[in-house]
Amino acid sequence: MSKHQSEVAKRRTFAIISHPDAGKTTITEKVLLFGNALQQAGTVKGKKSGQHAKSDWMQMEKDRGISVTTSVMQFPYNECLVNLLDTPGHEDFSEDTYRTLTAVDSCLMVIDAAKGVEERTIKLMEVTRLRDTPIITFMNKLDRDTRDPIELMDEVEDVLKIACAPITWPIGMGKEFKGVYNLYDDEVILYSTGQGHTIQERRTIQGLDSPELDKELGAYADDFRDEIELVRGASHEFDLEMFLAGELTPVYFGTALGNFGVDHMLDGLTAWAPAPQARETHDRKVEPMEEKFSGFVFKIQANMDPQHRDRIAFLRIVSGKYQKGMKSKHVRIGKEVRFSDALTFMAGDREAVEEASAGDIIGLHNHGSIQIGDTFTQGEDLKFTGIPHFAPELFKRIRLKDPLKQKQLLKGIIQLSEEGAVQVFRPLKNNDLIVGAVGPLQFDVVAQRLKDEYKVEAIYEPISVATARWVDSDDKQKMAEFEKKAYDNLALDGGDNLTYIAPTMVNLSLAQERYPDVNFRSTREH
Ligand code: G4P
């Protein structure tokens with residue numbers, strides 16, 4: 001293996017998907033603790049302590065104590081170099097969350113074991129399905145009274161349509177939580193309370209039949225042995241191929257707050273999660289081991305540093321490596337650019353990294369020439385596919401306080417939509433500007449940025465739009481007929497693509513029934 005190949009092979013790039021409050025922030029803290037990136041866990045989150053997360057760069061995040069943006073943390077674990085892409089977990093999430101999932105090779109799904117599968121997790125799982133991303137599951141909060149673990153697994157299988165293979169199994173829960181049993185190593189790992197801020201020494205008992213277990217658990221030991229027999233019979237066995245195909249998830253149990261189980265999960269992640277994967281372009285598949293650099297932009301973030309007005313474009317390296325000062329082709333505009341000061345993301349900021357490999361994320365300073373979906377290469381005209389727009393779910397009409405600045409508003413909103421901050425729709429029938437978002441906070445961010453960057457003060461008004469679908473058809477005649485009939489509900493998006501904006505979901509299903517030859521698409525590629 002060349003040096004480049006071994007660098008690539010040790011990368012693991014993943015993101016966490018979960019419902020708000022399931023424990024994503026807490027797990028991120030503990031993961032970084034194990035990655036030696038934080039001296040002491042507890043510095044990621046600032047909600048109550050007044051400290052701020054490493055990822056909370058934007059002022060707005062600080063004000064609200066939530067993470068709006070996606071940031072990247074890189075750290076060593078076992079023999080691997082792990083990239084964790086943080087995603088906004090709160091209610092006010094956005095398309096950024098969705099698109100970040102296109103830049104990872106696996107996901108950690110965190111479930112609150114007292115609550116089970118929740119709505120946001122269902123949505124995010126749908127997005128991971130676009131690329132059949134492998135999923136690892138962590139059942140969190142075992143230090144509380146949770147639901148029955150077998151019932152939890154059944155729910156994951158039923159609702160999320162993915163087979164569950166428990167790797168560990170919990171011994172008790174809540175006050176009686178004693179630890180977990182690893183079904184594959186035949187090892188019991190014991191839990192001690194009150195040590196959540198540290199890396200605990202592993203206390204283990206080898207073998208389920210060990211008399212030590214009886215000492216530790218008393219009369220419960222035999223019940224637990226029976227339970228394990230039952231679990232082995234009733235659950236799937238771990239299967240690497242099915243995991244890599246996104247069909248089966250290994251399941252771990254623990255408590256992020258108590259820092260128990262997170263390391264077991266990381267062991268699984270580093271052992272089984274895929275190294276950087278190949279990515280499709282319009283012409284060919286690009287393999288991570290290729291020597292020449294290529295990558296795509298999946299996110300653009302404004303104002304990370306309030307001192308500088310420029311934006312950071314996050315680029316996932318697909319092949320080759322980045323070196324400080326290297327030249328690269330910005331394929332869409334056909335120009336060569338020099339990466340003089342790309343950002344790299346070693347957590348802890350211990351050193352500025354001068355090199356990055358396939359699987360890593362780098363941040364490029366963007367003065368307006370980079371858009372989401374842009375491809376960078378070393379000369380070849382490639383265009384990566386699969387970086388989607390998602391149909392927004394929230395809509396508002398945007399209007400100016402000062403009507404004379406209409407041109408500025410249009411320019412600003414189109415640029416912000418190219419950047420992926422929001423989506424814009426212009427109805428064919430009038431001069432309205434409709435803004436579409438996936439999460440409500442996007443509206444505030446856009447209004448703020450229009451004011452700061454384009455000097456226009458905009459106000460929002462409610463509008464009755466339930467959803468949007470990009471429309472096209474192979475049948476020109478049917479399409480023309482549809483366009484005529486549905487004219488009042490058609491609009492152009494920021495990239496001039498024809499969109500059907502449905503006043504209600506019923507309208508949408510009627511239109512779909514009436515025009516079976518027209519495709520109503522809920523995602524569109526950049
Ligand atoms: P999120 O990022 O997914 O939204 O969740 P976060 O980690 O912020 O966790 C949500 C709440 O759940 C936090 O409590 C956190 O302390 C708690 N939590 C996380 N993991 C565990 C666990 O394993 N056991 C228990 N018992 N609680 C857990 P909070 O009161 O909302 O916040 P705070 O106490 O951190 O201020």
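The values are calculated or read from the model by the stated rules, or taken from the named source; none is laboratory data. Since the model is a prediction, treat every value here as computed from it, not as a measurement. Neighbour counts are summed over all protein chains in view; Cβ atoms, including those assigned to glycine, are modelled from backbone coordinates with ideal geometry.
Cβ-Cβ under 6 Å, sequence separation 6+ or interchain: first residue in the range 160-173 and in contact (Cβ under 8 Å) with a residue 40 or more places away in the chain, partner assigned to a loop (DSSP other than H, G, I, E, B) and of a type outside the set (D, E, K, R). Which pairs?
Pairs found: Ala163/His236; Ala165/His236; Ala165/Phe238; Pro166/Ser235; Pro170/Leu142; Met173/Leu142; Met173/Thr146.
Across the range 5-53, what is the number of residues that are over 15 Å from the mean Cα position of the chain (by Cα), away from the ligand (no atom under 15 Å from the Cβ) and modelled with pLDDT of 90 or more?
7
Can you name every one of the strands (runs of 3 or more DSSP E) wholly within the range 323-416 that holds 1 or more residues which are farther than 20 Å from Ile312 by Cα and in contact with a Leu (Cβ under 7 Å, 6 or more places away or on another chain)?
Answer list for the range 323-416: 394-400.
If Phe298 meets every condition in (1) of a type outside the set (Gly, Ala, Ser); (2) modelled with pLDDT under 95; (3) assigned to a helix (DSSP H, G or I) apart from one, which number is that one?
(3)
Here's a check for you: in the range 129-171, which residue that is exposed (fewer than 15 other Cβ atoms within 10 Å of the Cβ) and either among the aliphatic types (A, V, I, L, M) or within 16 Å of the ligand (Cβ to nearest atom) (or both) is nearest to Ile228 (Cα to Cα)?
Step by step, filter the range 129-171, then rank; the result is Asp145.
Looking at Asp263, is it part of a helix (DSSP H, G or I), under 31 Å from the mean Cα position of the chain (by Cα), within 16 Å of the ligand (Cβ to nearest atom) and assigned by the TED database to the domain that holds Asp148?
Taking the combined requirement at face value, the residue satisfies it.
Report, ordered by the first and then the second residue, all pairs with beta carbons closer than 9 Å, sequence separation of six or more or different chains, a first member in the range 237-255 that is outside the structural domain of Pro149 (by the TED database), and a second member that is in a helix (DSSP H, G or I) and of a type in the set (D, E, K, R).
Listed by first residue and then by second, the contacts come to nothing, as the list is empty.
Can you tell me how many residues in the range 421-449 are over 21 Å from the mean Cα position of the chain (by Cα) and closer than 26 Å to Asp488 by Cα?
12
If you take the residues in the range 501-526 that are in contact with a helix residue (DSSP H, G or I) (Cβ under 6 Å, 6 or more places away or on another chain) and either surrounded by 15 or more Cβ atoms within 10 Å (Cβ to Cβ) or of a type in the set (A, V, I, L, M, F, W, C) (or both), which one is nearest to Trp470 (Cα to Cα)?
The qualifying residue nearest to Trp470 (Cα to Cα) is Phe520.
When you scan the range 6-24, how many residues do you find that are touching a Gly at 6+ places or on another chain (Cβ under 7 Å) and farther than 15 Å from Ala273 by Cβ?
3
Among the numbered criteria (1) more than 29 Å from Trp470 (Cα to Cα); (2) touching a residue at least 12 places away in the same chain (Cβ under 8 Å), which one does Glu336 miss?
(2) is the only condition that Glu336 fails.
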